[in-house]
Amino acid sequence: MASMSPKAQRSAATLSRYSFLEVDVGDHGVGSLGGGSGSPGSPAASGAPLPPKTWSAAAREELAGVAAVLILIYAAFAYNVVFLGRVLPSSGKGQYTSCLAGFFNGCLVLTAWCWLRAHVADAGSIPESWRAFVEAAGDSLCFAPVRRQWQPGLTTYCRKCVVLRPERTHHCKACDICVLRMDHHCPFVKNCIGFNNYKFFLLLLAYGMLLSFLGFATTLPDLVTCVSSMARPHTGTPAQDSSPSNSITTREQWFFIGFGLLSLVMSILLQQMAIVHFWFALRNQTQLENGYDNMVNPYDQGTAMGNLSQVLGEFGPDWFVPIAPLRPLSDGVSYRRGDFVSLEESQADRYGKLEGEALWRIRYHVPGGEGAPQEALDLRPHALAACNRRTGIRLSSPPSSRRSPEDAGAA
């Protein structure tokens, strides 16, 4: 038998170590550990690979992504060439061309930029630094079965990716990876929406809605004139011959009317999507976390600005541009709690700002480590007990640990 690579050996060892866990896949395509709705005999519960995505599902996603690009191209051509180049001058409003072109094309560029960033960005793959932290923490890192409820400060195990994953991380069936702070899989950007590109997705909704509304509002008077002119029977009178709609071809008229209908429909759809997702962002929760009711949202910072800053970073001009936050408030692996004064806050003045592994050890209740306060070890039993009371989750330790799962839960 051919020898296994070191990475394959580590994966096999990890899988064997956590083989007692049952894997379930929820309705949203999120891999979970026990406590789900999968039957014991299902492929997910037995650990068998999930069936691959069907060709029809793949085709629908391809079509959705292509449709998004074609809509932007159509909007650019219809507005700039037909409306600004033909309709507006023929109606005697040519003096507004430059102003409208600047506003519309500015929104168009920002919308296309946001779509491209959301499409090409890594939605939130688990970083290698976290994997190294898991190896270093060993049996000190407790974990819990994944359930559809809040699990702050707890790791969960993904059998498909063979890794202990950070809080708020879920497995996406479409991308076949675990995504940090996963919100959903969006076929129109052909990517998951997670920690790294959620800001780009929010800006895409905002600028797309603004673009659609601007296109419809600025063309509405001429749309009414064009539609009414086409609806009236042609009599050949001088009044009708001098109508602006008669100075453009029938094909251009239909192109123009199609743009008006498209902008109206997109304005309504994007408005609904923007309301929903900004509502989530202002409460610092994801679409997958909507409906969790085992406890109050532990990541709610208490204010809308504080919650939005957890997604967009500290307030600044970069909020409105599809670039990574210049001053992020989270690394995607651990998150600031809002339901109690955390240890890193109480020790911030004494030890300075903690980040990376030192911060992870506190938030995941792992003692030791360079730069981690000793209080992380002293307060760990109390923190875990309080976590159990708030979430109702029974913590577990790997079978190889000297502690039993009951002892870990009591800790």
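The values are calculated or read from the model by the stated rules, or taken from the named source; none is laboratory data. Predicted, not measured: the structure shown is a model, and the values here were computed from it. Glycine also receives a Cβ, built like all others from the backbone with ideal geometry; neighbour counts cover every protein chain displayed. In case anyone asks, the SASA skips ligands and DNA or RNA and just uses the protein heavy atoms, side chains included. Shrake-Rupley method; radii C 1.70, N 1.55, O 1.52, S 1.80 Å.
Structure values in brief
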read-out	value
Restricting the stretch 164-185 to residues that are open to solvent by 10 Å² or more (accessible area, probe 1.4 Å) and part of a strand (DSSP E or B), the residue that is farthest from L116 (Cα to Cα)	H170
Some residue of the stretch 276-284 being buried (at least 18 other Cβ atoms within 10 Å of the Cβ), at pLDDT 95 or above and among the aliphatic types (A, V, I, L, M)	yes
Residue check for A68: open to solvent by less than 40 Å² (accessible area, probe 1.4 Å), under 27 Å from the mean Cα position of the chain (by Cα) and either more than 29 Å from R159 (Cβ to Cβ) or not hydroxyl-bearing (S, T, Y) (or both)	yes
Boolean, R147 is more than 28 Å from F315 (Cα to Cα), assigned to a loop (DSSP other than H, G, I, E, B) and over 13 Å from the mean Cα position of the chain (by Cα)	yes
Residue ID - nearest to E167 (Cα to Cα), chosen from residues in the stretch 271-306 that are in contact with an Asp or Glu (Cβ under 9 Å, 6 or more places away or on another chain) and part of a helix (DSSP H, G or I)	F280
Residue list for the stretch 70-101, restricted to those being more than 21 Å from T249 (Cα to Cα) and touching a residue at least 24 places away in the same chain (Cβ under 8 Å)	I71, L72, L100
Qualifying position, being part of a helix (DSSP H, G or I) and surrounded by fewer than 17 Cβ atoms within 10 Å (Cβ to Cβ), among L116, L88, L110	L116
Scope the stretch 91-107; condition surrounded by fewer than 16 Cβ atoms within 10 Å (Cβ to Cβ) and under 14 Å from F216 (Cβ atoms); matching residues	F103
Number of the exception - A118 against (1) closer than 21 Å to D331 by Cα; (2) without any contact (Cβ under 8 Å) to a residue 60 or more places away in the chain	(2)
Some residue of the stretch 177-184 being among the basic types (K, R) and modelled with pLDDT under 90	no
Breaking point among (1) open to solvent by 20 Å² or more (accessible area, probe 1.4 Å); (2) of a type in the set (A, V, I, L, M, F, W, C); (3) in contact with a Gly (Cβ under 8 Å, 6 or more places away or on another chain); (4) assigned to a helix (DSSP H, G or I), for V227	(3)
Candidates Y74, Y79, filtered to the one that is over 24 Å from the mean Cα position of the chain (by Cα), buried (at least 20 other Cβ atoms within 10 Å of the Cβ) and of a type outside the set (A, V, I, L, M, F, W, C)	Y79
Residues of the stretch 251-276 satisfying the condition of being within 24 Å of D300 (Cβ to Cβ) and touching a helix residue (DSSP H, G or I) at 6+ places or on another chain (Cβ under 6 Å)	M273, A274
Only one of R327, R283, R337 that is touching a helix residue (DSSP H, G or I) at 6+ places or on another chain (Cβ under 7 Å) and of a type in the set (D, E, K, R)	R283
